[in-house]
Structures are given as C-alpha cells and as structure tokens.
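In what follows, a single structure is set out as structure tokens and then discussed.
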Amino acid sequence: MKQQRESQCTQKTISLLSPLGKIQVSGCENGVHTIRILMDVAPAERSGAGPMGCCVVNDSPGETSPELQRCVQWLRAYFSEPRTAGTLPLPAFHHPALRGDAFTSRVLHTLLREVKLGETVSYKRLAEMAGNPKAVRAVGGAMRRNPVPLLIPCHRVISSSGHSGPYMGGKGDHLKQWLLTHESQ
C-alpha cells in the first residue's frame, strides 16, 4: 500500500535563484523529495544575488503543494536572515531515505534535530550521536545521500581536524564554506 501511494505522487519542481546559484526543489503533496544545488558560478562571483537573491523563477507557488511553498518560504528566510529560518516550520519530507530506521535516516534526522544553526559537528561525533560510534565512514555516506541539503544541514558536518571536508562530492567545497560563513554572521 505504501509503495502504491508513492507511485501516485505527482511531483512538481520549483527553481530558485540563490546566492549559491540555481536551486531546484522537487516534491509532491506529501512533502519535499529533493533539493538540488546546481552550481553555475561561485557565490563570490555572483552579481546581484546577495542575501536577498533567493526568488522563485519557475512555477507559480499557487500551483504547488503547501509543503513546497513552505520549503520556498524557509529557503528565502535562510538566505535573507538565517536566524529567522529557525523559527519557521520545516516542510514535510517525502523521500525514502528519510523514512524508516535505516542508519542513513537516523543520521540525517539526528543531524537535523541536534546540530543547530551556526554549529558544526564532526563525522565521528555524529556517528556517536546516531548510536554507532564506529560508523564514521557510514556517516559520510549518509551525508552524500542527503536528498534535502540545506534543510538537513549536511554542510555543518566537518572532519575531526576542524577542516570543512568535502561537499557535493568535493565539487561544492566553496559552497560549504559560504554556508558556514553565512550562518556564523
């Protein structure tokens, strides 16, 4: 029955321009499925896309589910004033990686619940917090499989040495630095 409900999802995608570049948010009436950051230009090189640079560029919010609208509202708040995003409700998630008791789901939910804006956590500490202190590499895998970056802040997970570590397979390291700086201001 659960699989049948998922197959009946009608996903819509909203594209936003942000200080990170174009962001695509996909979801259905049940919640957000994915957030994709499409790297085009480094944040420092972006012209006219300062903190207020997050706006809907495709799809009318009136045609989208309340959960996608909530996600857009949260992202706008995050990019304009990160501290205000913490006062807004997060949208529901509707991605298989975020349901059930699999280790990936447990790690991502622990990160969401325990590591607040402006904080960071090491891969090792997050493994401990998720209940398996020896699963440091598995935590890295969970970060790579995070379907909703920004909402579940995998950019806040750093190496034990204090280095930021890879983001988006190493291609988005500059974005991770930008996000950490953005949250600390």
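The values are calculated or read from the model by the stated rules, or taken from the named source; none is laboratory data. This structure is a prediction, so every number in the text was calculated from the model and none was measured. Reconstructed Cβ throughout: ideal geometry from the backbone, glycine too, with neighbour counts over all protein chains shown. All accessible areas refer to the heavy atoms of the entire protein, side chains included, with ligands and DNA or RNA removed. Shrake-Rupley method; radii C 1.70, N 1.55, O 1.52, S 1.80 Å.
List of remarks:
- Between Met39 and Ser184, the modelled labels are 2.0 nm apart [label points 7 Å from Cα along Cα→Cβ].
- Amide H contacts of Lys22 (H built 1.01 Å from N, under 5 Å, at least 5 apart or other chain): Leu38, Asp40
- For Leu150, distant residues with modelled amide H under 5 Å away: His155
- Remark: the range 168-177, residue by residue, has Karplus-estimated 3J(HN,Hα) of 6, x, x, 7, x, 4, 5, 5, 4, 4 Hz, where x stands for each Gly or Pro and the curve is 6.51 cos²θ - 1.76 cosθ + 1.60 at θ = phi - 60°.
- For the range 114-153, backbone nitrogen atoms closer than 15 Å to the point 7 Å from Glu81 Cα along Cα-to-C-beta are found at no residue.
- Proximal lysines relative to Lys116, as straight alpha-carbon distance under 19 Å, when same-chain residues fewer than 8 apart are discounted: Lys124, Lys176
- With θ taken as phi - 60° and the Karplus curve 6.51 cos²θ - 1.76 cosθ + 1.60 applied, the whole-hertz 3J(HN,Hα) list for the range 107-113 is 5, 5, 5, 5, 4, 4, 6 Hz, x standing for glycine and proline.
- Nonpolar atom fraction for the range 58-185, defined as the carbon and sulfur part of the 1.4 Å probe accessible area, stands at 51 percent.
- Rounded to the nearest 0.05, the FRET efficiency derived from the C-beta distance between Arg144 and Glu63 at R0 = 30 Å is 0.40.
- Reported to the nearest whole Å, the Cα centre-to-centre distance from the range 114-185 to the range 78-109 is 14.
- All Cα-Cα separations within the range 60-185 were binned at 10 Å from zero, giving a P(r) of 13, 43, 35, 8, 1, each value a whole percent of the pairs.
- Summarising the amide proton neighbourhood of Phe93: residues at separation of 5 or more, or on other chains, whose placed amide H is nearer than 5 Å comprise Val32.
- Sequence ranges 30-37, 147-154, 118-125, ranked by mean other-Cβ count within 10 angstrom, highest first: 147-154, 30-37, 118-125
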